[in-house]
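All remarks here apply to the structure that follows.
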Amino acid sequence: MRALVLSSLYPPHALGGYEMSCQDVMTRFEARGHEVVVLTTDTRLPDVVDVEQPNVRRALKWYWADHQIVQPRVRELLEIERHNRMTLARTLEEMKPDVVSVWSMGAMSLGLIDLLNRYAKPKVYVVCDEWPVYGPRLDGWIATFSGRRRRALGKMIGVRTGLPTTMAEPRNATMCWLSNYVRDRVAAATGWTPEHQTVTYSGIDPADFPLVTAAERSWAGRLVAVGRVEPRKGFTDAVQALPALPDDVTLQIVGPDDGQHRQELADLARQLGVRARVSFSTSPRNELRKVYEGADALLFTSAWDEPFGLVPVEAMACGVPVVAAATGGAREYLVDETNCLVVPPRDPAALADAVRRLAGHPALRAHLVTGGLATAAEFSVDRLADVLEQWHLAAATGYASGEPPHRASARST
């Protein structure tokens, strides 16, 4: 199978777990004999060392720069859209893929969907978040013609330029949703009705997070929160919970900063009198296991509806108890009193109460670790690659043998 992969970012230049998942899956596709070419944006993040990747073409433009969405002038918008359309068309012609694998499209040129619709080969959309919902607001070209007053102008401009000014519904496409939550949110917002669709869930790399053997651990009050340091991750709640906990309880926040939120959290900790108990760091994924293993509990404090959320699964694989605000797709695998303690989002008091429960009940910690290890065993990137490979191959053959099996719901595993 020849697969052309379309994604906003691709490692080593990546901002989140979904780009990492894309690389994880495509690395396995290649190891299984499939030919993969990745077409992504020309973004190169500072302090990231480039590596030689002959199959990765960093040539597309998008509407993101230095952690900000950008809105260029109309002339530049036109140049970006034409450049991206020609780049994709040329890549399709050169590669002649059997299937196009479309991943993250947030802040990208959504007019590329129109071009893919004109391409006869099948497409598989691996939808890891709600970009079909928010994407039109971030696409500078499409956003220019949004709203009732500008819609008519957009139609005229579209005729004159040959560039679509609205997002098209994917055709001859298979939708592989990260979770039921993402599927339902996109369907409600867009009305898309794909002929073929399935829920894949996500997965962690067992090379980075091998399952540990459950073992009794003493409690030292070392809390960790992991993820991109931005307001929607809810780290503010973790900091605000500290004053209600014993003085020997510490919090380590691990993840790349969005540019200012780390300082905001440090200032908050100082105001609350707990600055000496809060530390910040970053860690490459292949070293995160050491971070988890050095903690007594993970605080998953997401303040938004997570499409899925891999951080709790990583901690579970490392034998660490989890306290979680189960939002969005994370509700599909986080089960209170089974593999975690569930608390309401944006509730520092409930977070502190859950930590105190863990501190005082070794049997509860052991029970949650056992349940977490069972959950982590179900969500590996190898399993994800298996599922996606089956659906890509089925799409490439026009489902000549029918649809592959669908994964059981996360809560039934």
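Just so you know, all these numbers are worked out from the coordinates, no wet-lab data involved. Everything numeric in this text was worked out from a predicted model, so none of it was measured. A quick note on method: Cβ atoms are made from the backbone with ideal geometry, for glycine too, and the neighbour counts reach across all protein chains shown.
Grab the beta carbon distance between residue 189 and residue 153, set R0 = 30 Å, and tell me the FRET efficiency rounded to 0.05.
FRET efficiency, residue 189 to residue 153: 0.80.
Among 175, 86, 108, whose mean-square fluctuation peaks in a Gaussian network model of the chain (Cα, cutoff 10 Å)?
86
Relative contact order for the chain: what percent, with Cα pairs under 8 Å and sequence separation of 6 or more?
On the way: 796 pairs, mean separation 62.9, N = 413.
Result for the chain is 15 percent.
Lys and Arg at +1, Asp and Glu at -1: add these up for the other residues within a Cβ distance under 14 Å of residue 344 and post the number. Walk me through the intermediate numbers first.
Details: positive: 331, 346; negative: 237, 305, 336, 347, 353.
After counting each charged neighbour, the total is -3.
Pick from 213, 165, 41 the residue whose mean-square fluctuation is largest in a GNM of the chain, springs joining Cα atoms under 10 Å.
Answer for the Gaussian network model of the chain: 213.
So if R0 is 35 Å, what FRET efficiency would residue 390 and residue 213 give, r being the distance between their Cβ atoms, rounded to the nearest 0.05?
Numbers: r = 31 Å, r/R0 = 0.90.
Computed FRET efficiency for residue 390 and residue 213 comes out at 0.65.
Compute the label zone of residue 401 within the range 1-30: residues whose backbone N is under 16 Å from the point 7 Å along Cα-to-Cβ.
1
How far is the Cα center of the range 353-373 from the Cα center of the range 133-202, in Å?
Here the answer is 43 Å between Cα centres.
From the phi of every residue in the range 74-80, what ³J(HN,Hα) in whole Hz does the Karplus formula 6.51 cos²θ - 1.76 cosθ + 1.60 yield, where θ is phi - 60° and glycine or proline is x?
Along the range 74-80, the couplings run 4, 4, 5, 4, 4, 5, 4 Hz.
Residue 266 versus residue 161, label points 7 Å from Cα toward the beta carbon: distance in nm?
4.2 nm
Using θ = phi - 60° and the Karplus curve 6.51 cos²θ - 1.76 cosθ + 1.60, what whole-Hz ³J(HN,Hα) does each residue of the range 251-258 get, with Gly and Pro shown as x?
So the J values, rounded to whole Hz, are 10, 10, 9, 10, x, x, 7, 7.
With a 10 Å Cβ neighbour count serving as the proxy for reagent exposure, in which order, fewest first, do 114, 258, 248, 47 appear?
On the way: 114 20, 258 17, 248 9, 47 6.
Least to most surrounded, the residues fall as 47, 248, 258, 114.
When the scattering of the chain is computed by the Debye formula from its Cα atoms alone, each counted once and equally, what is log10 I(q)/I(0) at q = 0.10 Å⁻¹?
-0.71
Against the longest alpha carbon principal axis of the chain, how many degrees, from 0 to 90 and to the nearest 10, is the axis of helix 17-31 turned?
70 degrees
Relative contact order of the range 215-374: what whole-number percent is it, with Cα pairs under 8 angstrom and at least 6 residues apart?
Values: 309 pairs, mean separation 39.9, N = 160.
Taking the mean separation of contacting Cα pairs over the length of the range 215-374, I get 25 percent.
Given the options 378, 94, 230, state which has the largest fluctuation in a GNM of the chain using a 10 Å cut-off (strictly under) for Cα springs.
94
List 34, 392 from most exposed to least, where exposure is judged by having the fewest other Cβ atoms within 10 Å. Walk me through the numbers on the way to the answer.
On the way: 34 18, 392 25.
Least to most surrounded, the residues fall as 34, 392.
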